[in-house]
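Let me begin by handing over the structure; questions about it come next.
The values are calculated or read from the model by the stated rules, or taken from the named source; none is laboratory data. As the structure is a prediction and not an experimental result, all values here were calculated from the model. In this analysis, Cβ positions are derived from the backbone assuming ideal geometry, glycine residues included, and neighbour counts consider all displayed protein chains. Quick note on the areas: whole protein, heavy atoms, side chains included, nothing else; ligands and nucleic acids left out. Shrake-Rupley method; radii C 1.70, N 1.55, O 1.52, S 1.80 Å.
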Amino acid sequence: MELNYLKALRCRECKATYSPVRLSICPKCLGPLEVEYEYDLIPGNPAEFLEKGFTDLWRYRKLLPIKENSRIISLHVGPSPLLEAHRLAEKLKLKRLYVKNDAVNPTGSFKDRPVTVAVSKALELGFKAVGCASTGNLAAATAAHAAKAQLPCYIFIPENLESNKITQTFIFGAEIITVKGTYDQANRMAAEAAERNNIAILNVNIRSYYVEGSKTTSFEICEQLGWRPPDHVVTPMASGALICSLYKGFQELVKAGLIEEKTPRLSGAQPAGCSPIVDALKRGGDEVIPVEEPKTIAKSLAIGEPGDGVYAVRTISQTGGCGEAVSDEELVEGIRLLAKTEGIFTEPAGGVTVAALKRMRENGEIEKDEEVVCYITGNGLKTPEAVAHPNLNVSNRLKAVHLPL
Ligand SMILES: *Cc1c(COP(=O)(O)O)cnc(C)c1O
Ligand SMILES: [Zn+2]
């Protein structure tokens with residue numbers, strides 16, 4: 001067995017600690033649990049920190065909650081490109097802007113990161129099946145990794161998801177349970193299934209381990225910048241788990257001595273038709289009021305009752321970040337802007353992020369000389385309906401083109 005630095009699960013609320021076993025919430029106060037490591041023992045230089053024998057995100061295994069390398073289920077997730085975005089930077093009047101492009105991950109979204117960790121952990125904990133409640137991308141990522149692990153897979157989704165995301169889940173052989181209603185209702189059904197059966201519902205009963213995968217984005221950004229953090233990261237938010245994990249990632253690199261003591265500003269983007277976290281920020285305080293019926297084409301962000309909403313609000317406030325909510329029209333413009341300036345096709349969540357970044361520049365929430373990373377979390381091929389113009393007839397378009405001679 002490899003040296004392992006996994007230390008405990010700590011309750012975010014009452015701070016009680018537990019040994020890192022099958023435990024989904026704090027038995028004392030029902031608060032969420034967070035994974036802790038032996039930070040003092042983790043090598044503070046990159047050459048020793050990076051796990052030998054891995055080129056994907058498992059090179060960060062010393063800060064991931066797995067005890068045995070032999071149990072790792074990998075489709076080779078990460079590193080994804082950190083591209084300097086000169087043209088988009090010019091449009092947004094920013095000195096230096098990077099796009100962290102997770103559209104290129106194995107199943108086309110950042111969800112491959114938490115899932116490779118969670119499915120590996122599910123095996124280690126002895127679960128005989130996996131599953132999730134999903135707004136679309138988690139479904140495909142879970143189904144693909146379950147196929148690789150040869151585990152039965154049960155996916156709970158609201159019935160109105162984009163058809164490519166359902167196809168992409170179906171092809172891996174997962175059982176799909178569609179719920180007439182919202183994501184939050186699908187989530188409750190998944191939680192009941194987790195309780196009654198020996199199933200690891202990745203984002204429910206092994207959530208503490210699941211979210212650990214997402215912080216590898218922060219590790220990669222720092223590694224790609226030469227082991228230093230940027231000034232600012234702008235990321236989309238649904239449940240709020242991602243932005244909290246990004247924060248944990250930057251903090252842990254500081255604790256391990258791998259980067260200087262500095263936390264980037266973390267800012268969050270949501271669609272206006274479902275923006276409970278941004279609304280809470282704008283009101284001040286950290287009370288998150290659920291949105292009963294999300295109304296947006298950014299379906300991957302349509303979580304009306306964000307499980308980590310309060311913590312997302314606190315993360316943004318603590319790091320001096322901000323939040324913006326953009327309309328569906330703005331997000332489509334955001335998709336087009338990124339595509340035309342940088343050659344990257346993103347799904348609506350990415351459009352939301354680009355449009356929110358644009359707003360943050362326009363209203364001065366981001367300064368011109370901040371070094372900004374814009375996190376693109378999903379691929380545009382998953383959701384062509386978001387940008388396919390109803391009047392766009394391909395044969396008409398071809399006729400009208402005059403090629404230069
Ligand atoms: C799930 C998802 C998010 C948001 O993640 P949370 O952790 O729920 O905040 C962002 N972008 C895409 C494309 C997603 O699929
Ligand atoms: Zn507690």
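Looking only at the stretch 83-97, which residues are open to solvent by 30 Å² or more (accessible area, probe 1.4 Å) and on the phi < 0 side of the Ramachandran plot?
Residues satisfying the conditions are Leu83, Glu84, His86, Arg87, Glu90, Lys91, Lys95, Arg96.
Table: residues versus (1) among the aromatic types (Phe, Trp, Tyr); (2) under 23 Å from the mean Cα position of the chain (by Cα); (3) over 15 Å from Pro114 (Cα atoms).
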residue	(1), (2), (3)
Ser19	no, no, yes
Ser24	no, yes, yes
Leu30	no, no, yes
Tyr37	yes, yes, yes
Pro43	no, no, yes
Gly53	no, no, yes
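So, one more: Quick check on this structure: which one of Pro20, Pro43 is assigned to a loop (DSSP other than H, G, I, E, B), more than 8 Å from ligand 2 (Cβ to nearest atom), within 25 Å of Ser70 (Cα to Cα) and in contact with a Leu (Cβ under 8 Å, 6 or more places away or on another chain)? Working first, answer last.
Numbers: Pro43 fails: in contact with a Leu (Cβ under 8 Å, 6 or more places away or on another chain).
Every option except Pro20 fails the conditions.
Which pairs have Cβ atoms under 7 Å, sit 6 or more apart or on different chains, and link a residue in the stretch 191-214 that is among the charged types (D, E, K, R) to one that is open to solvent by 20 Å² or more (accessible area, probe 1.4 Å)?
Within 7 Å, the pairs are Arg207/Ser24.
With the requirement that a residue be farther than 23 Å from Glu385 by Cα and either without any contact (Cβ under 8 Å) to a residue 24 or more places away in the chain or surrounded by fewer than 16 Cβ atoms within 10 Å (Cβ to Cβ) (or both), what does the stretch 151-176 give you?
Pro152, Gly173, Glu175
Right, something else. Would you check which residues across the stretch 53-76 are in a helix (DSSP H, G or I) and not hydrophobic (A, V, I, L, M, F, W, C) and list them?
At the first step, the residues of the stretch 53-76 found to be in a helix (DSSP H, G or I) are 57-63, 69-71.
Residues satisfying the conditions are Arg59, Tyr60, Arg61, Lys62, Asn69, Ser70, Arg71.
Residue-by-condition table, conditions (1) touching a residue at least 40 places away in the same chain (Cβ under 8 Å); (2) touching a Phe, Trp or Tyr at 6+ places or on another chain (Cβ under 9 Å); (3) surrounded by fewer than 22 Cβ atoms within 10 Å (Cβ to Cβ):
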position	(1), (2), (3)
Asp308	yes, no, no
Ser317	no, no, yes
Gly320	yes, no, yes
Glu329	no, no, yes
Glu347	yes, no, no
Gly350	yes, yes, no
Arg361	yes, no, yes
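Right, something else. Considering only residues that are touching a Gly at 6+ places or on another chain (Cβ under 8 Å) and either among the polar types (S, T, N, Q) or in a loop (DSSP other than H, G, I, E, B) (or both), which ones fall in the stretch 215-238?
Of everything in the stretch 215-238, those that are touching a Gly at 6+ places or on another chain (Cβ under 8 Å) and either among the polar types (S, T, N, Q) or in a loop (DSSP other than H, G, I, E, B) (or both) turn out to be Thr216, Thr217, Ser218, Thr235, Met237.
Now for a separate question. Going through the stretch 23-40 one residue at a time, which ones are away from ligand 2 (no atom under 14 Å from the Cβ) and open to solvent by 80 Å² or more (accessible area, probe 1.4 Å)?
Selection gives Asp40 alone.
Can you name every residue in the stretch 158-187 that is within 12 Å of ligand 1 (Cβ to nearest atom) and either part of a loop (DSSP other than H, G, I, E, B) or among the β-branched types (Val, Ile, Thr) (or both)?
Leu161, Glu162
Can I ask one more? Check the stretch 2-20 and report whether any residue there is within 16 Å of ligand 1 (Cβ to nearest atom) and on the phi < 0 side of the Ramachandran plot.
yes
Can you find a residue in the stretch 363-383 that is in contact with a Leu (Cβ under 7 Å, 6 or more places away or on another chain), part of a helix (DSSP H, G or I), hydrophobic (A, V, I, L, M, F, W, C) and under 17 Å from Glu84 (Cβ atoms)?
no
Right, next: Please work out which one of (1) in contact (Cβ under 8 Å) with a residue 12 or more places away in the chain; (2) more than 22 Å from Val130 (Cβ to Cβ); (3) of a type in the set (Gly, Ala, Ser) is the condition Gly226 fails and give its number.
(1)
Can you tell me which of (1) within 16 Å of ligand 2 (Cβ to nearest atom); (2) surrounded by 14 or more Cβ atoms within 10 Å (Cβ to Cβ); (3) not in a strand (DSSP E or B) is the one Ser80 doesn't meet?
(1)
Condition first: surrounded by fewer than 24 Cβ atoms within 10 Å (Cβ to Cβ) and either aromatic (Phe, Trp, Tyr) or part of a helix (DSSP H, G or I) (or both). Now tell me which residues in the stretch 123-143 satisfy that.
If the condition is that a residue be surrounded by fewer than 24 Cβ atoms within 10 Å (Cβ to Cβ) and either aromatic (Phe, Trp, Tyr) or part of a helix (DSSP H, G or I) (or both), then Leu123, Glu124, Phe127 are the ones that fit.
Filter the stretch 5-17 down to residues that are in a strand (DSSP E or B) and either without any contact (Cβ under 8 Å) to a residue 24 or more places away in the chain or among the aliphatic types (A, V, I, L, M) (or both) and give me whichever is nearest to Gly309 (Cα to Cα).
In this case the residue turns out to be Cys11.
Which condition number does Glu34 fail, the rest of (1) away from ligand 1 (no atom under 16 Å from the Cβ); (2) under 20 Å from Cys244 (Cα atoms); (3) not in a loop (DSSP other than H, G, I, E, B) being met?
For Glu34, the exception is condition (1).
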